[in-house]
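Structure first, then comments.
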Amino acid sequence: MQDAGAAHVAVLLAQFLASAAAKQAAREAAWKSLIQYQARLTHALGQCAKALLGAAYEDVALLAPAEAAAARALHGCRALAKICLVHYASVPGSVWGLAYALHARAEEIGSAASPVKAEADQRKVTTVEQEFLRLLMLQASAPDMMAPEQIEVADRVLEQIDGLTLRAPGVADNPFCFDAQGNSPPRRAPGTQAEPGTAARYFGPGMGFDALERIHKQISIARIEDIKVFGNDISPRAQLSAVQHLLSFWRAKSPYAPQARVPATGSLQLVYRYAQVWKNLSDAQHGARELALADETDSAPLVSESWNLLESGDSEFGAELAQPGSGATKCGDIVGMTLDGAKECWVGVIRRVQCEPGGSLHADIAVLSRKPQALSLREVLKKGEDSVVSEAASRQFAFSSVRAVILADGTDGAQPANLLLPPETWKEGRIYETAETPARYLRGLKAIRLGDDYVRATFEWMSAPA
């Protein structure tokens, strides 16, 4: 049943990941089908594995089937966990309790590290411990700070690498830990001292981190369109950004420390997707649409939602969407933010998302700029660079118009000059000319974040190129 259902699970999951906001009802239906099927399957696999592991104490002939059953059950737990995580829902405590119990029993009978063939493809060999650690590492990778397609990439990364490390009881020299006798998810370890009075076990990426670094090196030097190491069905940018995220969050020290916040009230109006954010900012700045060649997003209605403000920090907000949303909210996306109906429109990024048991959605939103500028830029061609449009025609008719958002112009010293651009228009070292009078020029320096529909990069102002 597990082997036969795997293909159907993959198809439904792909539909869930690919569905647009306009198809939210179909997207939710796909997720409910996935969770109901996988929850029942995982329960059945877990009961089977428990029975075989118990019987293997008395009958050594059942040892190999017990090991394979435990590995299969843990693989089922990881599939169920992934289905929860791509919806930003918490993994049920019963999943963690089952996983901890299965691994503990396999350790008791000395089978946790035994090679087993637990998949339809008999060429693949795994162990109960490696399947257990892949499940733990998926949760430890801060999936609430990843886009759903990035979570899928993280799962595929874990499927490809070995060498994950589980330390013996009492040894606390790895970045993550779990309570082997509880039902709580694994977490980042508080320090290098084992927690007294608990059954805490420590784990980490081990040699798997070296394998991840090799993967990153391989894809970081490739052309972005050629990145297909984790399949053709996931965008190259999602693959690269997911690997970069894992490299950051698998380290001993977390790269993210939440800001101190205080309770707050009010509302946040969010506009999603980069093209819509640019349009909203431009409308606010100019009062009417500027005269330019039409863009396919110009006529698209703004996708906006009203969120209830819960917490406020220096440059982060916590908010709740109590009513069913459009399905547009996902980690890493750029948003336009309006606080309590004010005229000022800020630009932020969805930092993390959590779907609560009652169905409401919580999000942490980081403010990238309180004074963003929506500009039309023109790519300046270098001498000898091919183009079907002349420099003069490009300048007059905006054939090479690039819709950019300046987040910081570098004048206040608070942060380096940086901007947002559509990914297809970004190129390191490219020179752009503003449509202002008089025109100004800037050069793109380094990409600091790759989004699904944007690139955030540093830049420098410069004099007019020769």
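The values are calculated or read from the model by the stated rules, or taken from the named source; none is laboratory data. Just so it is clear, the model here is predicted, and its values are computed rather than measured. Here the Cβ positions follow ideal geometry from the backbone for every residue, glycine too, while neighbour counts run over all protein chains shown. SASA here: full protein model, heavy atoms, side chains in, ligands and nucleic acids out. Shrake-Rupley method; radii C 1.70, N 1.55, O 1.52, S 1.80 Å.
Hey, any hits in region 31-45 for a residue that's outside any strand (DSSP E or B), open to solvent by less than 30 Å² (accessible area, probe 1.4 Å) and touching a residue at least 60 places away in the same chain (Cβ under 8 Å)?
No.
Consider Tyr274 carefully, then state whether it is farther than 30 Å from Ala10 by Cα and hydroxyl-bearing (Ser, Thr, Tyr). Explain how you work it out, then say what you get.
Values: farther than 30 Å from Ala10 by Cα: no; hydroxyl-bearing (Ser, Thr, Tyr): yes.
No.
Six or more apart or on different chains, Cβ under 7 Å: which pairs go from a residue in region 1-15 that's more than 19 Å from Ala73 (Cα to Cα) and touching a residue at least 12 places away in the same chain (Cβ under 8 Å) to one that's acidic (Asp, Glu) and surrounded by fewer than 16 Cβ atoms within 10 Å (Cβ to Cβ)? Could you list them?
Pairs that qualify, where the first residue is more than 19 Å from Ala73 (Cα to Cα) and touching a residue at least 12 places away in the same chain (Cβ under 8 Å) and the partner is acidic (Asp, Glu) and surrounded by fewer than 16 Cβ atoms within 10 Å (Cβ to Cβ), are Ala14/Asp233.
Please count how many residues of region 328-346 are crowded, with 18+ Cβ neighbours inside 10 Å, touching a helix residue (DSSP H, G or I) at 6+ places or on another chain (Cβ under 8 Å) and part of a loop (DSSP other than H, G, I, E, B).
Summing the residues that are crowded, with 18+ Cβ neighbours inside 10 Å, touching a helix residue (DSSP H, G or I) at 6+ places or on another chain (Cβ under 8 Å) and part of a loop (DSSP other than H, G, I, E, B) in region 328-346 gives 5.
Output yes when any residue across region 195-206 is part of a loop (DSSP other than H, G, I, E, B), at pLDDT 95 or above and within 17 Å of the chain's Cα centre (by Cα), and no when none is. Please lay out each step first, then the result.
From region 195-206, those part of a loop (DSSP other than H, G, I, E, B) are 195-199, 205-206; that's our starting set.
Okay, now just the ones that are also at pLDDT 95 or above, so 205-206.
Subset that is within 17 Å of the chain's Cα centre (by Cα): none.
Within region 195-206, none of the residues are part of a loop (DSSP other than H, G, I, E, B), at pLDDT 95 or above and within 17 Å of the chain's Cα centre (by Cα).
State whether one or more residues within region 404-413 are open to solvent by less than 60 Å² (accessible area, probe 1.4 Å) and at pLDDT below 55.
In the first step, residues of region 404-413 are kept if they are open to solvent by less than 60 Å² (accessible area, probe 1.4 Å); the result is 404-410.
Cutting the leftovers down to at pLDDT below 55 gives us none.
Looking through region 404-413, none of the residues is open to solvent by less than 60 Å² (accessible area, probe 1.4 Å) and at pLDDT below 55.
Would you tally the residues in region 188-204 being surrounded by 14 or more Cβ atoms within 10 Å (Cβ to Cβ) and out of contact with any Leu (no Cβ under 6 Å at 6 or more places or on another chain)? Steps first, please.
Here is the first cut: in region 188-204, the residues surrounded by 14 or more Cβ atoms within 10 Å (Cβ to Cβ) are 189, 194-195, 200-204.
Right, trim to out of contact with any Leu (no Cβ under 6 Å at 6 or more places or on another chain) and you get 189, 194-195, 200-202, 204.
Total satisfying the criteria: 7.
Can you confirm whether Ile215 is β-branched (Val, Ile, Thr), part of a loop (DSSP other than H, G, I, E, B), at pLDDT 90 or above and closer than 30 Å to Ala447 by Cβ? Write out each step before concluding.
Details: β-branched (Val, Ile, Thr): yes; part of a loop (DSSP other than H, G, I, E, B): no; at pLDDT 90 or above: yes; closer than 30 Å to Ala447 by Cβ: yes.
Taking the combined requirement at face value, the residue does not satisfy it.
Collect the residues in region 247-273 that are open to solvent by 30 Å² or more (accessible area, probe 1.4 Å), not in a loop (DSSP other than H, G, I, E, B) and not aliphatic (A, V, I, L, M), keeping them in residue-number order.
Ser248, Pro263, Ser267, Gln269
Any idea how many residues of region 436-455 are part of a loop (DSSP other than H, G, I, E, B) and either buried (at least 16 other Cβ atoms within 10 Å of the Cβ) or among the basic types (Lys, Arg) (or both)?
Taking region 436-455 first, the residues part of a loop (DSSP other than H, G, I, E, B) are 436-440, 451-454.
Narrowing further to those that are either buried (at least 16 other Cβ atoms within 10 Å of the Cβ) or among the basic types (Lys, Arg) (or both): 440, 451-454.
Residues in region 436-455 being part of a loop (DSSP other than H, G, I, E, B) and either buried (at least 16 other Cβ atoms within 10 Å of the Cβ) or among the basic types (Lys, Arg) (or both): 5 in total.
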